[in-house]
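These notes are about the structure you will find just below.
The values are calculated or read from the model by the stated rules, or taken from the named source; none is laboratory data. Computed from a predicted structure; not experimentally measured. We place every Cβ from the backbone using ideal geometry, glycine too, and count neighbours over all the protein chains shown.
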Amino acid sequence: MLGVIMTWTMLICVIVALLFVGNLIRTEDKKNQLVQLHQTTELWAEAFNIRLTSDLDRLTQLNGAISDTRPFEGNLIALTRQARTLMRDRSEILEINILDPNDVVRTSVASPGPFGDITLTAGTVYRRAHTTEAIKRSKRTGAVSFSEPYALPLGGSPFVDIVIPLRRQQTTALMIISRVSLWELIREATKTGQNADFRVNLLFNDKAIVAAATDSQRRSISHTVSLAPLPPTFKLQVSSYAQGLISQNTLFWVISALGIFLIVALLGLIRFNWRQNSTETALRAETALRKTISDSQLSGLQVTDRNGRIIYTNKTFTDIMGLGSPADLVGQMPPYSYWPEGEEGFRLQELIDAITHGQIRTASYEFCPIRADGTKFYAFLRISPMITVEGNQLGWLWTLTDISEIRKAQERVTAAHERFTRVLESMQDAISVVDPQSDMLLFSNSSYDKLFGENSNGHLFAHEQLIQQGARRTTDFYYEALDLWFEVHERTITWTDRTEVRLQILSDITERRKNEMLLVEQQARSELNSRLVTMGEMASSLAHELNQPLSAISNYAYVVASMMKKAGVPEEHEMFYSVTRIESQAERAAGIIRRIRSFTRRSEPKMEAIDIKHLVDEVKELATIQARRYNAKVEYFTAQDVHTVWCDEIMIEQVLLNLIKNGIEASSGIEGRKPEVSLTIYYSADHHVVFEVADNGTGIPDENKAHLFDPFFTTKSAGMGMGLNICRTIVELHHGRLTISDNIGHGTIFTLTLPSKEEKSG
């Protein structure tokens, strides 16, 4: 009995021992599964976070393409170029849109493919509903924000939009909206350590939106973590399908294996140790991989707890600071050993205090840290929170980038630009650079701005003058708005963005033009004096020859009139009237000869306000005789608003009579055509009195027009060629103009322009 009891006791002990050992193995197996699951989850979550953080850094670095000295359109071109490069490197980034502060799309870039080529048109307002709240949040906080996940109409896995504000110091701020494929991010993050025993889900509001692998037929255990820098609503869930060695029928199999319990126990212990070692090895490998990933980052990484104590730094960070190992920084509290001194260090301390006290969540800052050897350098610092799955903050992640070379390059560019600008600003010529496609002013120096203003279109007016005058590169033109003469030089050059632009140089040549005009005026005066001398000599000769006949005509007419009066002929008789008119016209001719002699002796005309109607009546009366001789029709038209003209009445009468006489003679002798001449008087746009004498003759050949006013040039067989020359001289003494043009259809028009009131010369 005792033996049976002992046997059963031993049997029971063995069974209990086996059950204990089996339960222990199962517990450890599950524990190992949980450890491996947690390690895999943390590894993939970190890979996801590193990938997304790197995308954010690359997108934020687009801010480096912006230059405060570069025109606004030049910044858009640079941003677009870098955006295309980024999309080629990152398959998850499918589209990048650049918006101005008014949410207007300035440029849109998309990668090729079914989900990446739906771009927005530049100039349209960005109206994607799923991104509206993210844009508002980014404008309000000045930080990066994320939209809720969404799907495109074509289907496929969900996407998320990242809104990143880009800041500039002196110009308009821009905003980048990037479309990112969540599936591509998950795929890239889970490349390391992929296993058929794991299923990966991306959760939003605890609902799966992206699954890298699925198998709902197998039981699983899951582990969920948050994904920084995504909002806490985004979580990564990893499920394990692996099963333990011991099934749910453990008791049956344990009882059946009582005979070999020692071997099972030994094998179980061996397997337990092996799996534990495997887990530790995997853990060490994953830790080494994580460290390798961390140390291979181009940016330095530093992790602090919530109080600011440094708990981790990667190798890149210590290398940037010139330190031997991370141990030189671990355990330090702010202010850290690499912080700058003075005002900059104080501002950095204020920033850290604001972060640690929860006043701000993320921060970006440029400063000059101090290396271990005491040297300073330019660095860009980004601080973001580290959040657990439960939503608790563990600490802060510091990302440090050495931007010394970038700053040096910027300084070199700035120095070169300063030298270039100083040279251009010191030039007296107005220099401008214009986009030939949009006519937008890309650059102008101070001389241009002083002349035309920063928003002027003076360059466009100069370019139009080149086109109108048929010049290719240079010409002269008058700019009425400034009352200045300019010489324009224009050529095509290559601009900073490799586009063809138009360089224009405007030189003020007003003084040169004045000197040239003065020279021309002097030459004209010299020519006028020469003509006056010639005319004076001729007038003296003619006056000498004509005075005696005219005196005789006048005396004879007086004698005839006296005899008719004695004979009782009434004064109203036509013959008595004609004799009286002969006497008056002879006296008038003598007066004309005296006036011609007087003005050829350099005396000024007798200028006075002459009634237009009286002047026309006198001309009409004298021209009637010539018209009757040639059976010509002479018409007179005077505008109602024309009343007076400032002139020497006798001289202008002679000019008009000579022009009418020439018109009648030019129109006569044409078979089948009655001579017709018209005198039209009206005001010009500048309020001068204009006399137009038009005929219906054969016109004047072009080869004769240039010599028409020359002395002794005539197209008549019996003419001296002095009439038009004398007319022009008289008109010029009146400060007027005498020109010739073709009458539409046939004939010639002589245009005489005189001032309507006294004008002061000089």
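With respect to the conditions (1) more than 30 Å from S364 (Cβ to Cβ); (2) in contact with a strand residue (DSSP E or B) (Cβ under 8 Å, 6 or more places away or on another chain); (3) modelled with pLDDT of 80 or more, L424 falls short on a single one, namely (3).
In region 193-200, the condition of being over 56 Å from the mean Cα position of the chain (by Cα) and modelled with pLDDT under 85 is met by at least one residue. Counting only strands (runs of 3 or more DSSP E) that sit wholly inside region 271-372, those with at least 3 residues that are modelled with pLDDT of 85 or more and surrounded by 14 or more Cβ atoms within 10 Å (Cβ to Cβ) are 300-305, 310-313.
Look through V655, V569 and report the one residue that is crowded, with 17+ Cβ neighbours inside 10 Å and either in contact with a strand residue (DSSP E or B) (Cβ under 8 Å, 6 or more places away or on another chain) or at pLDDT below 75 (or both). Walk me through it before giving the result.
Details: V569 fails: crowded, with 17+ Cβ neighbours inside 10 Å.
Only one candidate qualifies: V655.
Of the residues making up region 350-379, those that are among the polar types (S, T, N, Q) and within 33 Å of the chain's Cα centre (by Cα) number 1. Checking the stated criteria, G458 turns out to be in contact (Cβ under 8 Å) with a residue 40 or more places away in the chain and closer than 20 Å to M427 by Cα.
If I filter region 658-690 down to residues being of a type in the set (S, T, Y) and within 27 Å of M607 (Cα to Cα), which single residue comes out as surrounded by the fewest Cβ atoms within 10 Å (Cβ to Cβ)? Residue satisfying both the conditions and the ranking: S684. Restricting attention to region 202-223, the residues being under 47 Å from the mean Cα position of the chain (by Cα), surrounded by 15 or more Cβ atoms within 10 Å (Cβ to Cβ) and modelled with pLDDT of 80 or more number 4.
The residue that is nearest to the chain's Cα centre (by Cα), counting only those in region 380-406 that are crowded, with 20+ Cβ neighbours inside 10 Å and free of Cβ contacts under 8 Å to residues at least 40 places away in the same chain, is F380. Contact annotation: residue pairs with Cβ atoms under 8 Å, 6 or more positions apart or on different chains, pairing a residue in region 618-640 that is touching a residue at least 24 places away in the same chain (Cβ under 8 Å) and exposed (fewer than 12 other Cβ atoms within 10 Å of the Cβ) with a partner that is among the hydroxyl-bearing types (S, T, Y) and part of a strand (DSSP E or B), are E635/S678; F637/S678; F637/T680.
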